[in-house]
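The values are calculated or read from the model by the stated rules, or taken from the named source; none is laboratory data. Since this is a predicted model, take the numbers as computed values, not measurements. As a convention, Cβ positions derive from the backbone with ideal geometry for all residues, glycine included, and neighbour counts pool all protein chains shown.
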Amino acid sequence: MKRIIQMTMLLCVCLLSMNAQSQAPEAPEPKKNSFYLEGLGNGIIYSLNYDHLFSMKKHPKLGVGVRIGISYGNYQSLFGSSALTTLPAVAYFSYGKKNCLELGPGYTSIFEGKYHVGVPTVRLGYRYRSPGGFMLGAGVTGFIEPNGMWLIPQLSVGFTF
């Protein structure tokens with residue numbers, strides 16, 4: 001009987017240690033705020049952006065994010081020099097923690113001199129968030145117009161906090 005109890009105890013210890021080894025440590029939660037410079041994309045030429053990610057407790061890889069940005073510059077065209085300001089705003093769904101796929105609608109307000117136009121957008125992108133705070137993103141933005149959609153690539157670099 002003593003031998004059966006010893007074997008049962010040994011088996012329990014082995015099973016517990018195997019279970020502890022099989023559980024990989026979870027990746028740390030991604031940082032929720034980002035500040036970055038984006039080339040092309042929703043800001044058309046460039047934009048400086050602030051982004052906040054809301055993660056879902058039950059599904060930690062899923063998240064919903066919002067972003068607002070601004071760009072300004074004087075640009076030369078066929079009709080002379082003009083100031084162009086853009087204000088892109090985007091809401092998006094995110095899948096992943098460190099390497100994320102992002103998809104979402106947006107709206108870019110474009111101001112040129114006394115003229116203003118708003119353009120709905122859609123965005124598909126990839127974002128890498130390092131645990132140390134570095135952020136890198138790439139993707140494509142579609143500007144939706146009555147005659148169709150035109151696509152602009154995007155590349156962003158910044159930091160998370």
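Against the test of being in contact (Cβ under 8 Å) with a residue 40 or more places away in the chain, in a strand (DSSP E or B) and either under 13 Å from N42 (Cα atoms) or more than 14 Å from the chain's Cα centre (by Cα) (or both), the options G118, G139, G158 yield a single qualifying residue, G139. One residue stands out in region 96-137 among those that are under 14 Å from F159 (Cβ atoms) and among the basic types (K, R): the one that is modelled with the lowest pLDDT, namely R129. If you go through region 142-155 one residue at a time, how many are free of Cβ contacts under 8 Å to residues at least 60 places away in the same chain, part of a strand (DSSP E or B) and not aliphatic (A, V, I, L, M)? Residues flagged as free of Cβ contacts under 8 Å to residues at least 60 places away in the same chain, part of a strand (DSSP E or B) and not aliphatic (A, V, I, L, M) within region 142-155 amount to 5.
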